[in-house]
Structure formats: structure tokens, C-alpha cells
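See below for the structure under consideration.
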Amino acid sequence: MAASEAGLRTLILGTNRGPEDPSLFLERALGIGEAPRIEASRAPASGIDAAGLSSIDFVVLNDGDLADAGRAGRLRDWVSAGGGLLIVLGPGAQMDRWSAAGQGLLGAEPGPLVDVGEGRRLSWLDYDHPVFELFSAPRSGDFSGARFVRFWQVEPAEGTAVLARFDSGEPALLEHHVGEGRVLVWTSTLDRFWNDLALQPVFLPFVHRLALHATGYREPERWIAAGGVLELGSLVGAGDEGLAGGEGEWVLVDPAGDRHQLEIAEGPTWIDFPETGFYRVEARDDAARAVTVAVNPRIAESDLAPVATERVAEAVAGAPPAGATGEDGATVDGEEVPRRAELWWLLLALAALVLGVESVLANLWTRRRPASALTSA
């Protein structure tokens, strides 16, 4: 998984198509957004080397070819170690020249270029897949508005999944695994050259979903219940190079504003969050590397576990709970429980007695009243 706070370090490997920049829309779409931040850089497709890939999370081979077996092998080794690769097939892909290693990364048998004057539409998407689940709800994005006039026809190999198809049935997006990494293949361009998807509202979130899924990115937790712990490295996005700085370089600021130096262990460094409020974890000499964590109270009332029927019946009847002994001040499971329920019966009897006495007195008073003048006459 890519480091969360450092962002997704992305390398776009492309070719120069002339006045039309094939990576313009892609690079700008990747650069928008902060959750996570995506830092994109460019390099020629011919310049793939192991040293340059070592610090990269996500690679886009945009309108390039993998005819050179050594170049394809280096890219395959990087993906096998956990990298995320997106292959975008444009006019510069030259599918008939790809090496065996390149075709292995493709995860499909290359086919001819399909040129459709009237255009094709995306008619089937796997909405259960993480790339498209964001668009599964009504009015959350329409891919059918994009028109495709050219794309490469490919035949998926065994183990390669098709995530999207054109209305003619040909694959538009494929996915397969290479070692610990993941490869996505888009059979048309990601600019305005072969289609107008880049002009559709779904383009930006679609590109972001491709990047997040290819790298296996997961948004880290930014809240926790009081008394919980979080691991420092995953919280601040340490990455494979480990935590920058040694002991005393990282500080925990509690809700009261007090600062506590964190002791960096050789293994995972766990941070306790005992009180509710907002904590900050920050590097002492780098204010930009700071994370805020919300610590919420543990609310017992939110426990939806069912209550035993016997407990409910005892509460309604006013009887002492099971296990209670003695008079007032009896204990249940070691806790003192006053037996106040018996007072209700006493008060009810007293009210009945008062009502009875009042009725008797009222009857006696009525019988002893003097006759009215009208009666005596």
C-alpha cells in the first residue's frame, strides 16, 4: 500500500506525439485532489530503469510500447514487488512489436486496431469492482456519453478480468496481477485523440480510481475511541524508508496542548490515545508532516446487544434483579442496588386509603346537611 501522507508518487512514461500532448489531461486530472495527494512526474517511455522506479508507487505507460525485452523486464520486476501499473494503448503502442515480457505485462493477446467511424460507447461496466463502485448509484456518473472512434482489440489471457466493454463486446478495461502488484490496461487513449472521455464529468474521478486501485491505496483512519492505539508509521505515512528522524524527532500534542516526545522503537511504534479530544502527531522540525487524530468517547448506550428477557421482566415488575440479596443496599454483581421499587406499592396503598377515607367523610357530611327551604315548604 502506498504511503498515505506522502501521497502517491506517480511516473507517466509517454511519447511525443507532436502538437497533441497525450499526457496533458491525465497529468492534470491526477494533480487535482488532496485525499490522497498525487504527485506526478514525466519521463520518456524509453527511460525505464530500476533506480528510477524504486521510489515510485504508480506508473502510467501512456501511449508507449514494450518492444524492448530488458525495459519490459525491469517494469515487470517492479510490478511483481508490489507496484501499480496502468497501460494506456494509443497509436504509439505498436502492439505488433511487443516483446514476450511486454505481452506478459499486458495480460492479453494483442489484436488489430479497430477504427469505427460512427463510434463506440461503453455499454457494460463491472460496478462491483472498486474502480467503478463509486459510479454505481443513480446520477453518480454516466460513462455512456463518451464516444470512442479507435481502440485496440485484445484477447484477455487466462486470469485477466474484463472490467468494462464497448457496445460491440470488445474489452475497454482489463486487470490482472503480476506477483504482488496489479496491472490495469485501457485499450484506447486518455486524451481527446481517439475518444472524448477526457471531456466527460466522470474523467477525473475515473482516473483517480484507477490510481488508487492500482496501488492498493486505503485511506487511513483519522479517528479512534478513547483508550485505543495507532501505529506511528502508518499514521504519518513513513513508507518503505521508515520514519524520518530518530528518538525525540516526533511529538504528540494532547488535547490540553502539552507536548510529549515519542520514543521510536526498532519495530512498530504504538501511540496511546487515553482521553477524548483532538491530538496532533507532528515532526519536530517539519510542520508539514503533521496528522490530526480525533479521539471519541466510548458510548455504552450505542451498544445494540439484546437485553435478556428476564432483565426486562424484572424491571417492569419492580422485582429485585436476579442475584440481589438482603434489604436496601443489596448488591448485584458486586454493585450496590437500592430496592426503591417496593416504595411504589406503599405509595399506591396509601393513596387508596386516602381516597377511601375521603369518600366516607363526604357521604357523612352529605347526610347531615340541613334540609333546604324549598323542601320544608
Q. So what J values fall out for segment 53-61 if you push phi through Karplus, 6.51 cos²θ - 1.76 cosθ + 1.60 with θ = phi - 60°, rounded to Hz, Gly and Pro as x?
A. 7, 4, 9, 9, 9, 9, 10, 10, 8
Q. If amide H atoms are built 1.01 Å from N in the plane of the peptide, which residues on other chains or at least 5 residues away come under 5 Å of the amide H of residue 109?
A. 155, 157
Q) Karplus couplings for segment 65-77 from phi (6.51 cos²θ - 1.76 cosθ + 1.60, θ = phi - 60°), rounded to Hz, Gly and Pro as x? A) 10, 10, 6, 7, 5, x, 4, 5, x, 5, 5, 5, 5
Q) Which cross-chain or sequence-distant (5 or more) residues have an amide H under 5 Å from the amide H of residue 67, H modelled 1.01 Å from N in plane? A) 99
Q: Enumerate the calculated ³J(HN,Hα) couplings along segment 269-282 in order (Karplus 6.51 cos²θ - 1.76 cosθ + 1.60, θ = phi - 60°), each rounded to whole Hz, writing x wherever the residue is Gly or Pro.
A: 9, 9, 10, 8, 10, x, 10, 6, x, 10, 10, 10, 10, 9
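Readers should treat all values here as calculations from the given coordinates under stated rules, not as data from a laboratory. Predicted model, so just to flag it, every value in this text is computed and none were measured.
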